[in-house]
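For reference, the structure is listed below as structure tokens.
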Amino acid sequence: MRNPLGGIQFRPRRAAIFAGGSIALVLAGSPLSAQAGTTPAAAIVCPGVADQLPEVPASAQAEVDRNLALLDTQLKEANNRLATSAGQGGPNFVQNAILGPLASKRGATIDRIAIAIGRTAERPTGLDSLSTCTLGSDTAAAELSADDFVDIRQVPRTEQPEATANASTGTFVSQCGTNSEGRVNTDNVIMAPGVSDGAQPMLDYVGNMSTDAFSTNESLAAADTSCRNQADQSAYFWPVLRELGEKDESGAAEAAGTPVQPSAVRMEYRGNPTSQVTAAPRYLRLFSGDARAATNGGANAQETWTCTGFTDRLTDKYPICPSGSELVRVLDMPSCWDGENLDSADHRTHLVFPDEDGACPSGTQAVPQLRMTLVYNDVANTPPDGTDVPFAVDGFTSEGNDPSTDHAGSINVMSKQLMNNVVKCINSGRRC
């Protein structure tokens with residue numbers, strides 16, 4: 001039987017990532033809202049807080065993370081209230097009953113963040129303005145529609161970059177299953193540690209069998225793993241893909257969408273096109289993409305989609321695959337480590353993407369780059385019709401299930417010996 005994951009080698013459009021040992025390609029070009037395929041007429045949009053914070057002291061990191069996750073929970077609750085109270089009250093109802101109380105809650109939460117930082121560092125100022133939220137304008141995500149989909153046969157083929165003489169061209173694959181155990185939750189141990197329902201979108205897991213919002217380095221190290229190599233206890237996770245129901249005459253979807261399990265999952269560690277790689281530290285946090293990319297502007301978006309048989313055609317839209325071809329979802333992790341930190345205040349700056357030429361920024365070093373490749377063989381390939389669409393990733397209500405919101409995370413819990421083997425395979429050009 002043909003391996004649906006074999007031969008897929010490419011890089012995302014926002015970061016030059018070398019595909020070890022083969023051709024690399026350059027991409028050209030909350031649970032589903034109350035009813036799948038629909039989005040409230042308006043959504044509440046709040047200023048980002050994490051990216052406005054100074055460097056967070058290690059002693060304050062956990063408390064800051066808990067309160068950042070609480071801000072997301074408060075926004076989710078306010079949007080739910082907005083959706084369920086449509087048509088109620090007078091002209092000032094939304095301001096008085098929803099936006100005003102939300103601002104008060106956010107103000108108190110942001111103040112706790114500032115206090116936590118101020119205990120061991122200079123207390124940040126000027127955060128008060130971040131408490132006020134507004135109803136979404138043109139920057140809010142639009143309802144998911146046919147415009148978010150593309151026939152993969154209409155996507156142009158991509159260019160093929162050249163590897164340098166110093167490239168690390170090997171690969172290492174960790175076989176961790178397809179989540180046949182059905183392990184899912186709405187936590188996010190990286191972006192919202194210690195907060196139940198901190199992700200809000202439902203996440204699929206492979207690898208470490210214990211991962212949830214309350215996982216610690218110690219609990220992860222003590223847990224079982226779904227990976228064939230038991231020395232890989234890493235946590236791997238991503239939002240579930242949902243197959244959507246058809247809409248009725250009123251425009252509402254018949255169901256909230258059915259989660260679809262991948263038919264094949266590949267956890268592949270790859271090299272760098274300009275240098276050798278060094279070992280990634282145990283418990284390193286990796287995160288790619290932005291669950292709020294539709295409203296945040298897409299700076300951190302890393303969505304990449306294709307179809308089997310067409311892997312030289314990559315798109316940032318949901319692809320419609322022809323008969324006999326299967327949907328492919330690619331989630332690349334950043335791979336340039338600052339050499340010191342396992343995590344950072346925004347959960348990004350300690351581990352960043354290479355530049356467009358594949359080189360790591362000054363002050364960072366290349367570590368094995370994790371690529372998650374997910375294949376779905378039972379997703380409908382029905383062409384979308386208006387807002388009747390066949391599938392979407394789970395996401396925050398405010399994001400409209402936009403394809404740009406795809407994201408994934410991992411915590412490296414490989415043994416030191418296994419990580420050293422990964423590095424040797426990649427740097428020697430072997431496929432392991």
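What follows draws every value from the coordinates through simple rules; no lab data is involved. Every value quoted in this text rests on a predicted model; they were computed, and no experiment measured them. Neighbour counts are summed over all protein chains in view; Cβ atoms, including those assigned to glycine, are modelled from backbone coordinates with ideal geometry.
Descriptive notes on the structure:
- Cβ crowding within 10 Å, taken as a proxy for footprinting-reagent exposure, orders LEU70, LEU314, LEU342, LEU244 from fewest neighbours to most as LEU342, LEU70, LEU244, LEU314.
- Neighbour cut-off at most 15 other Cβ (10 Å), DSSP loop, GluC sites (Glu not before Pro), segment 48-126: GLU55, GLU122
- Local net charge near GLY395, Cβ-Cβ under 10 Å (Lys/Arg +1, Asp/Glu -1): -2
- Distant-in-sequence amide contacts of PHE214, defined by a placed amide H-H separation under 5 Å and a gap of 5 or more residues or a different chain, comprise GLY194.
- Here the sum of -39500 (n - 2.57) over DSSP H runs of 4 or more residues, divided by the residues of the chain, equals -5000 deg cm²/dmol at 222 nm, to the nearest 500.
- Summing charges over all other residues whose Cβ lies under 11 Å from the Cβ of VAL184, with Lys and Arg as +1 and Asp and Glu as -1, gives -4.
- Per-residue Karplus couplings for segment 345-352, computed as 6.51 cos²θ - 1.76 cosθ + 1.60 with θ equal to phi - 60°, are listed in order as 4, 9, 6, 10, 5, 7, 9, 10 Hz, Gly and Pro entered as x.
- What the phi angles of segment 61-73 give under the Karplus curve with 6.51, -1.76 and 1.60, with θ = phi - 60°, is a coupling list of 4, 5, 5, 5, 4, 4, 6, 4, 5, 5, 4, 5, 5 Hz, glycine and proline written as x.
- From least to most packed, judged by other beta carbons within 10 angstrom and beginning with the fewest, ASP402, ASP332 follow the order ASP332, ASP402.
- Nonlocal amide H pairs with ASP204, under 5 Å, H built at 1.01 Å: TRP238, VAL240
- Percentage relative contact order, segment 41-139, counting C-alpha pairs under 8 Å, at least six apart: 49
- Reduced Cα scattering model of segment 155-215, Debye log10 I(q)/I(0), q = 0.12 Å⁻¹: -0.55
- Contact order relative to length of segment 349-432, as percent, for alpha carbon pairs under 8 angstrom and 6 or more apart: 15
- Amide hydrogen neighbours beyond the local backbone of HIS350, cut-off 5 Å, H modeled: SER344
- For segment 273-287 and segment 339-409, distance of Cα centres in Å: 17
- When DSSP beta bridges are restricted to pairs lying wholly in the chain, around 90% turn out antiparallel.
- Fewest-first sequence of ASP378, ASP338, ASP316 by Cβ atoms within 10 Å of each Cβ: ASP378, ASP338, ASP316
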